[in-house]
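What follows is a single structure, written as structure tokens, with notes after it.
The values are calculated or read from the model by the stated rules, or taken from the named source; none is laboratory data. What you are looking at is a predicted structure, and each value in this text was computed from that prediction instead of being measured. As a convention, Cβ positions derive from the backbone with ideal geometry for all residues, glycine included, and neighbour counts pool all protein chains shown. Only protein heavy atoms, including side chains, enter the accessible area calculation; ligands, DNA and RNA are left aside. Shrake-Rupley method; radii C 1.70, N 1.55, O 1.52, S 1.80 Å.
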Amino acid sequence: GENVEQHPSTLSVQEGDSAVIKCTYSDSASNYFPWYKQELGKRPQLIIDIRSNVGEKKDQRIAVTLNKTAKHFSLHITETQPEDSAVYFCAASANFGNEKLTFGTGTRLTIIP
Amino acid sequence: GAVVSQHPSRVICKSGTSVKIECRSLDFQATTMFWYRQFPKKSLMLMATSNEGSKATYEQGVEKDKFLINHASLTLSTLTVTSAHPEDSSFYICSAAEGGAYGYTFGSGTRLTVV
């Protein structure tokens with residue numbers, strides 16, 4: 001089955017700087033890659049996603065890049081703000097809305113004011 | 001947008017008792033429900049996948065007789081933790097999918113504490 005690895009497990013950046021979180025996946029059949037932000041005790045919140053037919057997607061300060069050949073995808077957050085502090089999870093699915101999501105191990109992002 | 005209502009949000013039960021968690025899709029039909037468990041500071045681990053009207057498919061290592069899943073309708077799925085023990089204490093969260101534009105809609109989660 002699918003295995004998703006995520007790095008780093010913790011990340012601290014100065015407010016205003018950029019943060020990058022990377023994930024690799026094992027199943028070449030995976031074609032949907034979402035990123036979630038989770039605050040303590042809350043449900044995961046989808047912040048951006050990408051499908052395998054594109055290499056990059058951007059939404060304001062957040063961007064995701066995908067390298068299908070290398071089977072890795074990354075989350076980029078620019079101009080970080082204190083409210084970006086949370087745990088971030090990447091995930092992968094072989095069929096959007098039908099197949100299970102396999103989650104990465106998570107990254108605790110701390111923005112230092 | 002799509003909404004999944006999950007109840008209860010928190011429950012404390014005694015060891016040996018059973019607890020039922022409900023997830024309802026409020027404005028769409030959830031053909032598939034995924035049930036996850038999340039231990040503190042850990043990732044979401046899939047426990048089982050259920051499709052409306054059929055038996056759930058459990059992930060390796062998840063006891064199907066302990067974690068009973070029912071998906072009798074397109075808007076309701078339940079997870080019953082039977083004979084709960086302290087090691088079952090965790091955050092349980094459902095995710096509904098309808099195979100279309102909504103993708104995956106998460107419930108708000110249930111914090112289960114077994115004492």
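Summary table
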| item | result |
| --- | --- |
| Residue satisfying all of: in the range B:1-22; within 11 Å of chain A (Cβ to nearest Cβ) and part of a strand (DSSP E or B); surrounded by the fewest Cβ atoms within 10 Å (Cβ to Cβ) among these | B:Arg10 |
| Out of B:Ser77, B:Ser50, sole residue that is within 14 Å of chain A (Cβ to nearest Cβ), open to solvent by less than 60 Å² (accessible area, probe 1.4 Å), more than 17 Å from A:Glu2 (Cα to Cα) and outside any loop (DSSP other than H, G, I, E, B) | B:Ser50 |
| Where a residue in the range B:72-87 is on the phi > 0 side of the Ramachandran plot and its partner, wherever it lies, is surrounded by fewer than 18 Cβ atoms within 10 Å (Cβ to Cβ), with Cβ under 6 Å and at least six apart | B:Ser83/B:Gly16 |
| Meets criteria (on the phi > 0 side of the Ramachandran plot and at pLDDT 95 or above) for A:Lys42 | no |
| Filtered residue count, the range B:93-112, keeping only those that are closer than 15 Å to B:Arg24 by Cβ and either out of contact with any strand residue (DSSP E or B) (no Cβ under 6 Å at 6 or more places or on another chain) or surrounded by 19 or more Cβ atoms within 10 Å (Cβ to Cβ) (or both) | 12 |
| All positions within the range B:53-74 that are loosely packed, with under 12 Cβ neighbours inside 10 Å and outside any loop (DSSP other than H, G, I, E, B) | B:Ala72 |
| Near pairs, Cβ below 6 angstrom, 6+ apart or cross-chain, from the range A:79-106 (facing another protein chain (nearest Cβ under 9 Å)) to any residue that is assigned to a strand (DSSP E or B) and among the β-branched types (Val, Ile, Thr) | A:Lys100/B:Thr49; A:Thr102/A:Val4; A:Gly104/A:Val4; A:Gly106/A:Val87 |
| In the range B:15-30, the residues that are of a type in the set (Ser, Thr, Tyr) and in contact with a Pro (Cβ under 9 Å, 6 or more places away or on another chain) | B:Ser15 |
| Condition met for B:Ala96 (in contact (Cβ under 8 Å) with a residue 40 or more places away in the chain and outside any strand (DSSP E or B)) | no |
| Checking B:Thr110 against (1) within 14 Å of the chain's Cα centre (by Cα); (2) at the interface with another protein chain (Cβ under 10 Å from one of its Cβ atoms), the condition it does not meet | (2) |
| Number of the condition not met by B:Lys41 [criteria: (1) surrounded by fewer than 18 Cβ atoms within 10 Å (Cβ to Cβ); (2) in contact (Cβ under 8 Å) with a residue 40 or more places away in the chain; (3) within 14 Å of another protein chain (Cβ to nearest Cβ)] | (2) |
